[in-house]
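Taking it in order: structure first as structure tokens, then the write-up.
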Amino acid sequence: MAKYTTSKPSWVPEEKDDKFACSVMSGIEGVKDTTTGNINPMLASGKMKPKRRLIMSEDEYVDGVLKGDRMVLSRAITLIESNSSKHFVKAQRVLQRLLPHTGKALRIGITGVPGAGKSTIIEAFGNMLCDRGHRVAVLSVDPTSSVTRGSILGDKTRMGTLSRRQEAYIRPSPAGGTLGGVARKSRETMLMCEAAGYDVILIETVGVGQSETTVRSMVDFFMLVVLTGAGDDLQGIKKGIMELADAIVINKADGDNLLKAKVARGEYERMIEYIRPATEGWQTHAYTCSAYTKDGIPELWEVIRAFREVTEKSGVFQKRRRGQLLEWMHSMIDEHLHSLFFEDPVITGRMPEVREAVLQGVISPTQAVKELVNMFDVDRAARRQVDLFHPERETRT
């Protein structure tokens, strides 16, 4: 039987009492669940029955998500985020069955530099929406360390009251180094939340200076959260992110900072005059708010509602949604071709030799690319693919 040990964390005092009841459990070797990793050895021996099913069927995923079961929704999102090819097939089948139930939510993207108060605005905004009868899903993308490849995923801590509400669902995800700090599966996660009945989707980006066009291509309304003292007019114009924003929000407009926030709003209004509107038929403006005092939060929601009304009437809203679907398809093609190329057995076999030749200066990177591409056989790669919806048609090499 698999065994595990427990040890005391380094930060626990030697003479610990009931206040320090934390311990560290080692990993369980030899006992693996196909979706969730290590499990209790008592379950493996049959002496204990699991409180929930370890492996769920497609029907159970679909039914659970449509019923708004948050546990099932979380597991469905975990299935989507998995890099396993077996999980990918199952996730895509589940998503395909849920597609008819998606597309009705209002999608709002929120970005800004670290420390601007994105999470606190989201909590105040989400609580207000829940009080008004809405169901809110927050997809919070957390920065991934380039050194350890880990993420803190601590946004729920900042949203303590919102995370405890039944009308809200918060899902932190690691950025994983993707462009714009948006997780690779954020689009699928958003659709899952819509199918579960959430009518307002808030997507918080990393906001660390990377291109934010990825999240712009996913949402209806894009909000930029800024602070006071952001620079002069020319410096503001140079910030390309402002060209993507449907609203610029100066946060922390309270106390001694209120006057500075009002001055900053005037500065941003002048900057906007030199920038082409991000959405056809909609004029971007700057607004002040305080996530602490809740001032300006209801007015911000009215701005978003007005945006939806104007763009739906003009047809821009629907046009943007159609464009997002095509952009999603194109990005998936890029990702799929990338995977086909680097997973091809002939390419993987030849790659070490080609890399070494490049490093030794025997051939140039351009010549190396040409050689590898010429070796790549599309038909051979296609034969390795799985028919997602008719697995019995899968062709094996």
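For the range 312-328, a residue qualifies if it is over 25 Å from the mean Cα position of the chain (by Cα) and within 14 Å of Asp246 (Cα to Cα), but none of them does. Applying a threshold of 7 Å to beta carbon distances and a minimum spacing of six or more residues, or different chains, the list of pairs starting in the range 316-332 at a residue that is within 18 Å of Lys104 (Cβ to Cβ) and ending at one that is assigned to a helix (DSSP H, G or I) reads Phe317/Arg308; Phe317/Thr311; Trp328/Arg187. Across the range 288-304, a minimum of one residue is classified as free of Cβ contacts under 8 Å to residues at least 12 places away in the same chain and either part of a helix (DSSP H, G or I) or in contact with a Phe, Trp or Tyr (Cβ under 7 Å, 6 or more places away or on another chain) (or both). All conditions but one from (1) of a type in the set (Lys, Arg); (2) under 22 Å from Leu300 (Cα atoms); (3) in contact with a helix residue (DSSP H, G or I) (Cβ under 7 Å, 6 or more places away or on another chain); (4) modelled with pLDDT of 85 or more apply to Arg132; the one that does not is (3).
Evaluate the range 271-281: report whether one residue or more is within 16 Å of Val225 (Cα to Cα) and either surrounded by fewer than 12 Cβ atoms within 10 Å (Cβ to Cβ) or in contact with an Asp or Glu (Cβ under 8 Å, 6 or more places away or on another chain) (or both). So far as the range 271-281 goes, yes, one or more of its residues are within 16 Å of Val225 (Cα to Cα) and either surrounded by fewer than 12 Cβ atoms within 10 Å (Cβ to Cβ) or in contact with an Asp or Glu (Cβ under 8 Å, 6 or more places away or on another chain) (or both).
Restricting attention to the range 193-246, the residues that are assigned to a helix (DSSP H, G or I) and either at pLDDT below 75 or under 17 Å from the mean Cα position of the chain (by Cα) (or both) total 14.
The values are calculated or read from the model by the stated rules, or taken from the named source; none is laboratory data. The shown structure was predicted, so the numbers you read here are calculated from the model rather than taken from an experiment. Note that we place each Cβ from the backbone using ideal geometry, even for glycine, and neighbour counts take in every protein chain shown.
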